[in-house]
Amino acid sequence: MEKQLEELKQTFSEELLLLHSPDDIEPMRVKYLGRKGALTSILRLMGSLDPKDRPRMGSLSNALKVYMEEALADKLEGLRRGSVFKGIDVTLPGRAPSKGCVHIINQVVSELEEIFLSLGFNIASGPEVEDDYHNFEALNIPEHHPARDMQDTFYFSNDVLLRTHTSPVQIRVMEKSGLPVRIIAPGKVYRCDSDVSHTPMFHQIEGLWVEKGITFRHLKGVLYEFIHTLFGHDIPLRLRPSFFPFTEPSAEVDMGCIICKGKGCRVCKNSGWLEILGCGMVDPEVYTYVDIDPGSVTGFAFGLGVERVAMLKYGIDDIRMFFDNDLRFLRQFS
Ligand code: DAH
């Protein structure tokens, strides 16, 4: 009888695996546990057993009955949930793999590149580890100039440093390719500085157009078109005289504050204007460093900070957010 119970358990288990619908459970229960079921028929043989074997057989068949009842109940629950596997709920929504996105600063760089490409500029690049000559000297920044101060510049040695601006690309491009040049140079720059509006690494875009007959009007036309495309054509703009060692005359372009619409607020320091970029006509002195006859051409240059543009465009008031790598911040721009 013990052998019969074992065989019954085996066939029951195999048959249970083949069930695929909750409706199959009841017929299966009747087949094994019903009044005329397989287990019941074995129990009927109990009377013919030697009385001393009866308690053991009684408890074995009772255990099998409990096993079958529980297995049928589990199986029913599994089939109702749509799963044939115990413990796995296939009706739960899947876990989607998280998707990355282009960093907001790179998105803004691409947007700015598109505008300048449409204005006929090419894209140039230069090294982030620069020498003193290209970063300062050839840009007419004399040795005692405050920009060379140890506090601002990261030096590797007396002569090798992390570029503090993208302007050295002007020099490299003029050294290498002949005239005319009409390029922008986006890239990372480094300064030893950190607060709400400064990070030790940030991005600039340098622009340079050198060709016979280029005047200040070209500068104004290109830069106004650029800013209007970026921020809207109704934004007021103005040029304000300024100074850079590598341009003469030099100017800064201000746009009407987009936060307060010119009324005066914390962002524009109550002036109603936001400084957006520096620019000017290439100083003739710069041409002499790249073997161009200063009398033969004219050109203009400009430089702007990408993070500043992104902050204004998206109303971000702390530049460090861009580089904290907080995914909750970065995902907003995906
Ligand atoms: N290199 C300047 C800076 O880092 C930005 C700049 C200003 C670039 C005027 C220019 C320019 O080409 O004409 O602050």
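Is it possible to state the helix-based mean residue ellipticity at 222 nm for the chain, with each DSSP H run of 4+ residues giving -39500 (n - 2.57), the sum divided by total residues, to the nearest 500 deg cm²/dmol? What is it? Each step should come with its number before you reach the end.
Numbers: 11 runs with 122 residues, N = 334.
For the chain, the value works out to -11000 deg cm²/dmol.
Determine the gain in length on full extension of the stretch ASN158-GLN4; use 0.36 nm per residue of separation and subtract their C-alpha separation, reporting nm with one decimal. List each step's numbers first, then the result.
Details: separation 154, 0.36 × 154 = 55.44 nm, distance 9.37 nm.
Between ASN158 and GLN4, full extension yields 46.1 nm more.
Over the stretch 16-145, calculate the relative contact order: mean separation of alpha carbon pairs under 8 Å at least 6 apart, over the residue count, as a percent. Walk me through the intermediate numbers first.
On the way: 50 pairs, mean separation 21.0, N = 130.
Rounded, it is 16 percent for the stretch 16-145.
With a Förster radius of 30 Å, plug the Cβ-Cβ distance of LYS99 and GLU128 into 1/(1 + (r/R0)^6) and report the FRET value to the nearest 0.05.
Details: r = 29 Å, r/R0 = 0.97.
After rounding, the FRET efficiency stands at 0.55.
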### Task
Normalise the Cα radius of gyration of the stretch 2-84 by 2.2 N^0.38 Å (N = residues in it) and let me know the number.
1.19
### Task
Rank TRP209, SER61, TYR287 by how far each Cα sits towards the positive end of the charge dipole of the chain (+1 on Lys, Arg Cβ; -1 on Asp, Glu Cβ) and give me just the farthest.
SER61
### Task
Write down Rg/Rh for the chain, rounded to two decimals, with Rg from the C-alpha atoms and Rh from the Kirkwood relation over Cα pairs.
1.50
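Can you tell me the relative contact order of the chain? Whole percent, Cα pairs under 8 Å, sequence separation 6 or more.
Details: 482 pairs, mean separation 47.3, N = 334.
About 14 percent, as a whole number.
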### Task
Return the single residue from ALA310, ALA63, ALA96 with maximal mean-square fluctuation; model: Gaussian network over the chain, springs between Cα atoms under 10 Å.
ALA63
### Message
For the chain, take the longest principal axis of its alpha carbons; what is the angle in degrees between that and the long axis of helix 104-118, to the nearest 10 within 0 to 90?
### Response
50
### Query
Relative to the longest principal Cα axis of the chain, at what angle does helix 2-17 sit, 0 to 90 degrees, rounded to 10?
40
### Query
Relative contact order of the stretch 2-84: what whole-number percent is it, with Cα pairs under 8 angstrom and at least 6 residues apart?
39
### Query
Looking only at Cα atoms, what is the convex hull volume of the stretch 38-153 per residue, in Å³?
296
### Query
Taking the Cα centre of the chain as the origin and placing charges on Cβ (Lys, Arg +1; Asp, Glu -1), which of TYR133, TRP273, ILE183 is farthest toward the positive end of the dipole?
TRP273
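FYI, it's all coordinate maths here, none of it is from the lab. Everything numeric here is computed off the predicted structure, so don't read it as measured data. Every residue, glycine among them, receives a Cβ derived from its backbone with ideal geometry; neighbour counts consider all protein chains shown.
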